[in-house]
Each structure stands twice: as C-alpha cells, then as structure tokens.
Amino acid sequence: MFGIKKYWHKRIVRCGKNTLHPYNENPENLVLKNDDILFLDFGPIFEEWEADFGRTYVLGNDPYKRKLKNDIENAWEDGKKYFNNQTEITGAEMYLYCNKLANKYGWEFGGEIAGHIIGQYPHEKLEKEDKTNYIHPENHSNMFGLNKKGLKKNWILEIHFVDEKKEIGGFFEQLLA
C-alpha cells in the first residue's frame, strides 16, 4: 500500500505481556485476546525517505489500558512541545525528560532509547555504539546539531510506558517535527 516496497527496520506487532519489550527484543508469539492491548512499530520507506511510526491500540474497554494508550499519546505531545521550546538540548537531556514524563503520568519508562535520527534511506547507520544518533542517556551532543553530511537532523520521538506488575506497555512514535 502507498507505494511501500521496503522497510528499514523489522516490523513489530506486540500484544499482552509482549508490550513490555523494547525494539531489540524478540519475544515469543502471542495470540491476541479480548480486552488486549497491542502496539505496532513500522519503518516504511516512502520514495527513498524513511518513516517510523508506532501506535498502541486497546481492544475492549479496560479503563487502565485506555489510560495507558491516552497517556503515551499525551506524553508524546508534551515531549514535542518541550523539544520545540528548546534552542539546544542533548539526547541525554531529552531522554531524561521522557523518563520524567513517565513518572508524571504514573508509569515506568520502558525504552533504552526515546528516539533516533531518520532521513533519506539509508540514513546514518544506527550503530549501538554511536549514541549521538539516539535520544539516549549517553548522547551528550546537541540534537539541533548537523548530521555527518552537514544537514539538519530529523528525529523520531518514541514514548514507551510500561507497568511491569500488570504486564502491559504502550508505545507511540512519530517524526518530531
């Protein structure tokens, strides 16, 4: 659909307790149940430009799961406003802010990152060792700085909140523009 012929990262669909797991994990397959929570994470390429898109859905009317879904969406908006009000911010500072958002909304932050760069395919290689391409506690470079090609960096903001005791999580990501 929409001319998508390739993806730049694995496509993820997680439900139930698997929603606790961040991107790098490969948990067992689960069957979707009534009143379940699930999230999708896709990285399609549109005309040689990368996209990254994550959403959470709730089947049924469980108020706690609906709260989680709404909280991650609101937290993403909070994160975007915060970022847009800065003239300089490191990836570490943005990561810390996203963790504070989890606390504000009554959740735990579930990701080892809170986002990453994106661009024309293929963008700068997202190597685990190079934290400057991530919203990560070890990225002390300015997110508004230029990439290795001298161009403005484009960022994806990821919000992943979890409740370890209830074994649920929610995920929301999109372009931070």
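The values are calculated or read from the model by the stated rules, or taken from the named source; none is laboratory data. Quick caveat: nothing in here was measured; it's all calculated off a predicted structure. Neighbour counts run over all protein chains shown; Cβ positions are idealised from the backbone, glycine included.
From ASP62, ASP35, which residue is modelled with pLDDT of 90 or more, charged (D, E, K, R) and at positive phi? Spell out the reasoning first.
Details: ASP62 fails: at positive phi.
Unique residue meeting the criteria: ASP35.
For region 46-70, how many residues meet the condition of being under 18 Å from GLY16 (Cα atoms), surrounded by fewer than 18 Cβ atoms within 10 Å (Cβ to Cβ) and not acidic (Asp, Glu)?
Restricting attention to region 46-70, the residues satisfying the condition of being under 18 Å from GLY16 (Cα atoms) are 54-70.
Within this subset, residues satisfying the condition of being surrounded by fewer than 18 Cβ atoms within 10 Å (Cβ to Cβ) are 55, 57, 59-64, 66-67, 70.
Now narrow it down to the ones that are not acidic (Asp, Glu): 55, 57, 59-61, 63-64, 66-67, 70.
So the answer is 10.
How about region 13-51: which of its residues are over 20 Å from GLY115 (Cα atoms) and in contact (Cβ under 8 Å) with a residue 60 or more places away in the chain? Give the steps one after another, and end with the answer.
Step one: filter region 13-51 for residues over 20 Å from GLY115 (Cα atoms), giving 15-17, 27-37, 47-48.
Across region 13-51, the qualifying residues are GLY16, LYS17, ILE37, GLU48.
I need the full set of residues from region 15-45 which are surrounded by 19 or more Cβ atoms within 10 Å (Cβ to Cβ) and of a type in the set (Val, Ile, Thr), in order please.
Across region 15-45, the qualifying residues are THR19, ILE37.
Does ILE118 fit the bill of being in contact with a His (Cβ under 8 Å, 6 or more places away or on another chain) and crowded, with 18+ Cβ neighbours inside 10 Å? So that I can check it myself, show each step before the final result.
Numbers: in contact with a His (Cβ under 8 Å, 6 or more places away or on another chain): no; crowded, with 18+ Cβ neighbours inside 10 Å: yes.
No: the conditions fail for ILE118.
Within region 156-177, can you find the residues that are under 11 Å from LYS17 (Cβ atoms) and not in a strand (DSSP E or B)?
The answer is GLU164, LYS166, GLU167.
Working only within region 83-102, note down all residues that are surrounded by fewer than 18 Cβ atoms within 10 Å (Cβ to Cβ) and more than 17 Å from TYR134 (Cα to Cα).
ASN84, ASN85, GLN86, THR87, LYS100
Please work out which one of (1) touching a Pro at 6+ places or on another chain (Cβ under 7 Å); (2) at pLDDT 95 or above; (3) over 26 Å from GLU138 (Cα atoms) is the condition LEU68 fails and give its number.
Among (1) touching a Pro at 6+ places or on another chain (Cβ under 7 Å); (2) at pLDDT 95 or above; (3) over 26 Å from GLU138 (Cα atoms), the lone unmet condition for LEU68 is (1).
Of all residues in region 142-155, count the ones that are at pLDDT 95 or above, outside any strand (DSSP E or B) and more than 24 Å from PHE42 (Cα to Cα).
Adding up the residues that qualify gives 1.
Which residue pairs have Cβ atoms under 7 Å apart, sit 6 or more places apart or on different chains, and have a first residue in region 52-65 that is under 15 Å from LEU40 (Cβ atoms) and a second that is acidic (Asp, Glu) and exposed (fewer than 14 other Cβ atoms within 10 Å of the Cβ)?
Cβ pairs passing all conditions: LEU59/ASP35.
Could you tell me which of the residues PHE39, PHE109 is in contact with a Ser or Thr (Cβ under 8 Å, 6 or more places away or on another chain) and within 14 Å of GLY169 (Cβ to Cβ)?
Numbers: PHE109 fails: in contact with a Ser or Thr (Cβ under 8 Å, 6 or more places away or on another chain).
Within the list PHE39, PHE109, the selection yields PHE39.
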